[in-house]
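This report concerns only the one structure given below.
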Amino acid sequence: LGSVLHRQGRIEELLNVLSEARRRHPEDFDLESFELVALLFSEGISAKALFERHRALGERLERAIPPLPSAPRAEPKRRLRIGYVSGDFCVHPVAQFVQPLLERHDRSAFEVFCYSVGTRVDALTKALEAQADTWRDVATLDDAKLADAIRADRIDVLVDLSGHSGASRLRSFARQPARVQLAWLGYLHSTGLTRIQYRLTDSHADPEGRADELHTEKLIRLP
């Protein structure tokens, strides 16, 4: 019901449904993530209160999920391994923005891994797969096993492309399978996690000053 209301733009009705659902299932992280997505569209919450909701969920996740032991540092002279995690490696705005980046990565310095946690496959999926050095179909892995797979690949920088939306895998990021983790593109707010240390943005989407106070991540503003 919540998904139907969301697609119809009936945000206040959606929030009422989610509030009742969370009353019945207070420990359900997925329900709370869905509510955070809905609150992005609500005029009834302040920017500070919205951030506090994200920060509070991030704290709950990090209390419930201990991090893995610190990943070893990259060996000198080997390429850095960059991992991208998304459920939208298909015809979707996220994939369409990611494709030029995958095409233009400096392969002499970086090795690109893509972790596809979605189930939709189309022509763009195949194009992205061809542009990755390593492609992993990991939709069937739970959050702990996904984190283990990322750790086994010795990823140096892990990029979340979903945040709380879509096929969110923030519980994998809470395990901190990579030494450096950052958020980019797929979610227009803080994840609330301190174990995601950075978020890529720019001065238009997140003007300097106020926006920095509304993130648990350090904002890196691209030109």
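Residues of the range 164-194 that are part of a loop (DSSP other than H, G, I, E, B), open to solvent by less than 40 Å² (accessible area, probe 1.4 Å) and within 28 Å of Pro72 (Cβ to Cβ): Ser168, Arg169, Pro177, Ala178, Thr191, Gly192, Leu193. When the range 129-149 is filtered for residues that are touching a residue at least 12 places away in the same chain (Cβ under 8 Å), among the acidic types (Asp, Glu) and outside any helix (DSSP H, G or I), the ones remaining, listed by number, are Asp133, Asp137.
Any chance the range 88-95 includes a residue that's open to solvent by less than 30 Å² (accessible area, probe 1.4 Å), touching an Asp or Glu at 6+ places or on another chain (Cβ under 6 Å), in contact (Cβ under 8 Å) with a residue 24 or more places away in the chain and assigned to a loop (DSSP other than H, G, I, E, B)? Within the range 88-95 (the criterion being open to solvent by less than 30 Å² (accessible area, probe 1.4 Å), touching an Asp or Glu at 6+ places or on another chain (Cβ under 6 Å), in contact (Cβ under 8 Å) with a residue 24 or more places away in the chain and assigned to a loop (DSSP other than H, G, I, E, B)), the answer is yes, since at least one residue qualifies.
Of all the criteria given as (1) touching a residue at least 24 places away in the same chain (Cβ under 8 Å); (2) surrounded by fewer than 24 Cβ atoms within 10 Å (Cβ to Cβ); (3) more than 8 Å from the chain's Cα centre (by Cα), the one not satisfied by Ala152 is (1).
Screening the range 1-41 for helices (runs of 4 or more DSSP H) wholly inside it with 2 or more residues that are open to solvent by 60 Å² or more (accessible area, probe 1.4 Å) and under 20 Å from Gly163 (Cα atoms) returns the ranges 2-7.
So, Leu101, is that one over 30 Å from Phe41 (Cα atoms) and assigned to a helix (DSSP H, G or I) or not? Judged against the criteria, Leu101 is not a match. Contact map, the range 173-186: first residue within 14 Å of Ala149 (Cα to Cα) and touching a residue at least 12 places away in the same chain (Cβ under 8 Å), second residue assigned to a helix (DSSP H, G or I) and open to solvent by less than 20 Å² (accessible area, probe 1.4 Å), Cβ cut-off under 7 Å, separation 6 or more or different chains; pairs are Arg175/Ala147; Pro177/Ala147; Pro177/Ile150; Ala178/Ile150. Taking residues in the range 64-76 that are surrounded by 11 or more Cβ atoms within 10 Å (Cβ to Cβ), and partners anywhere that are assigned to a loop (DSSP other than H, G, I, E, B) and polar (S, T, N, Q), the pairs with Cβ atoms closer than 9 Å and at least 6 places apart or on different chains are Pro67/Gln176; Leu68/Gln176; Ala71/Gln176. Counting residues in the range 1-15 that are among the small types (Gly, Ala, Ser), within 25 Å of Leu185 (Cβ to Cβ) and touching a helix residue (DSSP H, G or I) at 6+ places or on another chain (Cβ under 8 Å) gives one or more.
Among residues of the range 195-206 being of a type outside the set (Gly, Ala, Ser) and under 22 Å from Pro100 (Cβ atoms), the one that is surrounded by the most Cβ atoms within 10 Å (Cβ to Cβ) is Arg199. Taking the criterion of being more than 17 Å from Gly166 (Cβ to Cβ) and buried (at least 19 other Cβ atoms within 10 Å of the Cβ), the only residue of the range 113-131 that qualifies is Phe113. The residue pairs whose first member lies in the range 26-41 and is over 11 Å from Leu14 (Cα atoms), whose second member is of a type in the set (Gly, Ala, Ser) and at pLDDT 90 or above, and whose beta carbons are closer than 7 Å, counting only pairs six or more residues apart or on different chains, are Leu31/Ala21; Ser33/Ser168. Taking the criterion of being touching a Phe, Trp or Tyr at 6+ places or on another chain (Cβ under 6 Å) and farther than 30 Å from Leu5 by Cα, would at least one residue in the range 103-124 satisfy it? Checked the range 103-124: at least one residue is touching a Phe, Trp or Tyr at 6+ places or on another chain (Cβ under 6 Å) and farther than 30 Å from Leu5 by Cα.
Being among the basic types (Lys, Arg), farther than 26 Å from Arg151 by Cα and under 23 Å from the mean Cα position of the chain (by Cα) holds for only one residue in Arg23, Arg60, Arg53, and it is Arg53.
The values are calculated or read from the model by the stated rules, or taken from the named source; none is laboratory data. For clarity, every value in this text was computed on a predicted model and none was experimentally measured. Note that each Cβ is placed from the backbone with ideal geometry, even for glycine, and that neighbours are counted across all protein chains shown. Remember, those area values only see protein heavy atoms, side chains included, never the ligands or the DNA or RNA. Shrake-Rupley method; radii C 1.70, N 1.55, O 1.52, S 1.80 Å.
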